[in-house]
Amino acid sequence: MPTSKMSYKEDKGFWIEESFMQLVFHYIYKELIKSQYNLTNKNQLLEEMKFDIDGYTTGSMSLGWRRLIESSSDIQTLIQVLEHVKLDLNSKGMYISVQELQNIQTEDNEFKYYYTHPFPISGPIKIVNALIQMLNGTWTATNEYIEIDIA
């Protein structure tokens, strides 16, 4: 699995296996597309996430938030989206079912090969928590690798 660095401001961020980030982007996209969220660059952000979910950025995936999330209002809205993503993930129990994983809409033919067993929600939650910390300015690492336990 290729890995990419997800960074936001001041090059602070983390390294992650891209298929895990694709999964998280799927859940963020699913929440952010709702009309209740207003972001300055919402359509562009959704397009870029969909591009990532579809596997077109393999080997060069990034957040792109640095140039798309500009105002404090946008930051707070995105944090709200991420908090709702966590609620959605937690409502699934301990695992995301294989059926749900296999039903994720993506043009990436390899994506579904990674998800043939129930996937522990602790992994996506860990990534979402890191993203929230980055938006809050409390994430301090510049070169951390986020390990996801899939057992």
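Just so you know, all these numbers are worked out from the coordinates, no wet-lab data involved. As the structure is a prediction and not an experimental result, all values here were calculated from the model. Every residue, glycine as well, gets a Cβ built from its backbone with ideal geometry; the counts of neighbours run over all protein chains shown.
For D88, the shell of other residues with beta-carbons less than 9 Å away shows a net charge of +2, using +1 for Lys and Arg and -1 for Asp and Glu. By the Cα gyration tensor, segment 8-151 has an equivalent ellipsoid whose semi-axes, rounded to whole angstrom, run 23, 17, 16 from largest to smallest. What's the long-distance tail for segment 1-92, i.e. % of Cα pairs beyond 20 Å? Above the 20 Å cut-off, segment 1-92 has 34 percent of its Cα pairs.
Within 10 Å of each residue's Cβ, count the other Cβ atoms and sort D108, D52 from fewest upward. Let's see the in-between values first.
Working: D108 19, D52 27.
Ordered by Cβ neighbours within 10 Å, fewest first: D108, D52.
Just need log10 I(q)/I(0) for segment 89-130 at q = 0.18, 0.20, 0.21, 0.29 Å⁻¹, Debye formula, equal scatterers on the alpha-carbon atoms, no solvent, rounded to two decimals. Reported log10 I(q)/I(0), two decimals: -0.54, -0.65, -0.70, -1.04. If the limit is 26 Å between Cα atoms, which of K9/K112; K12/K112; K42/K126 go over it? The answer is K9/K112; K12/K112. Look at the dipole of the chain built from charges on Cβ: of Q105, M134, M21, the Cα furthest out on the positive end belongs to M134. Hey, how many Å between the Cα centroid of segment 16-35 and the Cα centroid of segment 87-151? Cα centroid of segment 16-35 versus Cα centroid of segment 87-151: 8 Å apart. Local charge for A130 was computed over the other residues whose Cβ lies under 11 Å away, with Lys and Arg +1 and Asp and Glu -1, and equals +1.
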